[in-house]
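The values are calculated or read from the model by the stated rules, or taken from the named source; none is laboratory data. Because the structure is predicted, anything quoted here is derived from the model rather than measured. All Cβ positions, glycine included, derive from the backbone under ideal geometry; neighbour counts span all protein chains shown.
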Amino acid sequence: MTDLARIPVEHAIAEADLGEPFGVVQMLEALLDGEWIDQAQSMAERAVPVVDLFDSIGIAWLLKVLRERGLTDQALRLAERAVSATPSYELVDAVELVQELRDGGWTEQTEKLNTRLPAVGSFDLFLGNIANPEDFRFGREADGTGAPGWTWDDLF
């Protein structure tokens, strides 16, 4: 890259809205396609701690781009941040985020996110991500274990 091209690119990166995941993805892909690797890496470093987690689909897409484009350290940091800080209401439809965590091989982060799913009503998604869903045939206790079996007679 010439010095003349570097100034507008660095200015654009400095002025970029790093809060919106889809915008960050577009900017990163443009930088990487233009072979401005250092600038893309710098932008990813700045975006990961501040990108808005209120869009689990956007976060899943950003994770995928970071992972597939070789920015794995940034992807791992974003995965860790996403599983612990994504607002609960956003996890109601977290299928893409769970899938991307699985695709990235981030087992620990997938399990951590999965433990949050029943509390937001995504019990079916939770069941789809565990080894033995039959353990939860009667629901889930607050401590995360499967609820013991019961019959209608137990209610009276």
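Is it the case that F138 is modelled with pLDDT under 85, among the hydrophobic types (A, V, I, L, M, F, W, C) and not in a helix (DSSP H, G or I)? Spelling it out, F138 is indeed modelled with pLDDT under 85, among the hydrophobic types (A, V, I, L, M, F, W, C) and not in a helix (DSSP H, G or I). Would a scan of segment 108-130 turn up a residue that is of a type in the set (F, W, Y), in a helix (DSSP H, G or I) and under 18 Å from G58 (Cβ atoms)? The answer is no, given that none of the residues of segment 108-130 is of a type in the set (F, W, Y), in a helix (DSSP H, G or I) and under 18 Å from G58 (Cβ atoms). Applying the criterion of being within 28 Å of E35 (Cα to Cα) and loosely packed, with under 15 Cβ neighbours inside 10 Å to the residues of segment 53-96, the residue that is farthest from the chain's Cα centre (by Cα) is G70.
Looking only at residues in segment 102-119 that are of a type in the set (D, E) and closer than 14 Å to E80 by Cβ, the one that is surrounded by the fewest Cβ atoms within 10 Å (Cβ to Cβ) is E108. The C-beta contact set for segment 108-129 (first residue over 14 Å from S88 (Cβ atoms), second residue in a helix (DSSP H, G or I) and acidic (D, E), distance under 7 angstrom, 6+ apart or interchain) comprises Q109/E80.
Going by the conditions given, is Q99 buried (at least 19 other Cβ atoms within 10 Å of the Cβ), in a helix (DSSP H, G or I) and polar (S, T, N, Q)? No: the conditions fail for Q99.
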